[in-house]
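Notes for the one structure printed next.
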Amino acid sequence: MRSKNGLDATDIRILSAVQKHGQLSKTKLAEIVNLSPTPCWARLNRLRAAGFIRGYHADIALEHVVDVTRVIVTIALTHHRKADFDRFERHVRTIDAITNCVATGGGTDYILTVVVPNLAAFQELMDELLAAELSIDRYVTHFATRLVKAEQPNLATLVGRGGR
């Protein structure tokens, strides 16, 4: 079975393995995927070259390193023109404290996750966003009290259930 992007079951197993474990040795990846090392590595290189793997990242336990304030912010723009959305999204991509931004439908245009050292830093960020003339009509903040779950979706499950 091939997915909508021409990926077969072995490709999905490779992507799932690197999603779960990050960078692996050729031998370990081949063992997990149940394929001999050389063809497994060739497939991995093909998947990298095709842009299926954006990068490898460590999942740092921030709470063990530093105290942070995590804020979920919903934002509605004044106007719903493509230029307004493009300007807002370009600006958001430049701000390190915004760790996640999702465009949504309905009464809210965007949902942001902001991670900052403290409440004062969050307010400074919001003041800068409002001053940047991004056509923000209103925003609502939700202060996170604890992070319950933050993971990537299970790729094999998504593909297996037809959620392509």
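A few notes on this one:
- Degrees separating the helix 82-92 axis from the principal Cα axis of the chain, which is the longest one: 80
- Calculated FRET value between Phe52 and Arg93, using beta carbons and R₀ = 22 Å, to 0.05: 0.55
- Taken along the Cα-to-beta-carbon direction at a fixed 7 Å, the label points for Ala83 and Asn118 span 4.1 nm.
- Amide H to amide H, with H built 1.01 Å from N, Ile136 comes under 5 Å of Thr78, counting only residues 5 or more places away or on other chains.
- Note that the range 9-58 carries a Kirkwood radius of 10.6 Å, evaluated over its alpha carbons pair by pair.
- Extension reserve of the Asp59-Tyr139 stretch, reckoned as 0.36 nm per residue once the Cα distance is removed: 25.9 nm
- Label point 7 Å beyond Cα of Thr74 along Cβ direction - residues of the range 116-144 with amide nitrogen under 17 Å: 136-144
- The alpha carbons of the chain occupy a box of 56, 40, 26 Å along the principal axes, longest dimension given first.
- Rounded to the nearest 20 debye, the dipole size of the chain about its Cα centre is 1100 debye, using +1 on the Cβ of Lys and Arg and -1 on the Cβ of Asp and Glu.
- Remark: the range 9-58 carries a charge dipole of roughly 80 debye about the Cα centre, counting +1 on each Lys and Arg Cβ and -1 on each Asp and Glu Cβ.
- Estimated from helices alone, the mean residue ellipticity of the chain at 222 nm is -12000 deg cm²/dmol (sum of -39500 (n - 2.57) over DSSP H runs with n ≥ 4, per residue).
- Using R0 = 22 Å, the C-beta based FRET efficiency linking Ala131 and Ala103 works out to 0.50.
- P(r) tail for the range 94-164: Cα pairs beyond 20 Å make up 45% of the total.
- Given charges at Cβ of Lys, Arg, Asp, Glu: the range 1-101 dipole, positive-most of Leu24, Ile60, Ala50: Ala50
- Most mobile listed residue (Val33, Val73, Val148) in the chain, GNM with C-alpha springs under 10 Å: Val148
- Sparse-neighbour loop sites [chymotrypsin sites (Phe, Trp or Tyr not before Pro); the range 1-98; at most 14 other C-beta within 10 Å; DSSP]: Tyr56
- Here the chain is scanned for GluC sites (Glu not before Pro) in DSSP loops (not H, G, I, E, B) that have at most 12 other Cβ atoms within 10 Å, and the longest stretch holding none of them is 1-132.
- Using the Cβ of Asp86 as centre and a radius below 15 Å, the other residues enclosed give a net charge of +1, where K and R count +1 and D and E count -1.
- The HN-Hα couplings worked out from phi for the range 38-46 by the Karplus form 6.51 cos²θ - 1.76 cosθ + 1.60 (θ = phi - 60°) are 5, x, 5, 5, 4, 5, 4, 4, 5 Hz, whole numbers, x standing for Gly and Pro.
- Extreme residue, positive dipole direction of the chain, given options Cys40, Asn5, Thr78 (C-beta unit charges): Cys40
- Charge sum, other residues only, whose C-beta stays under 15 Å from Arg48's C-beta, Lys/Arg counted +1 and Asp/Glu -1: +3
Each value in this text was obtained by applying a stated rule to the coordinates, not by laboratory testing. Note that the structure is predicted; figures quoted are calculated from it, not measured. Using ideal geometry, Cβ is built from the backbone for each residue, glycine included, and neighbour counts are taken over all protein chains shown.
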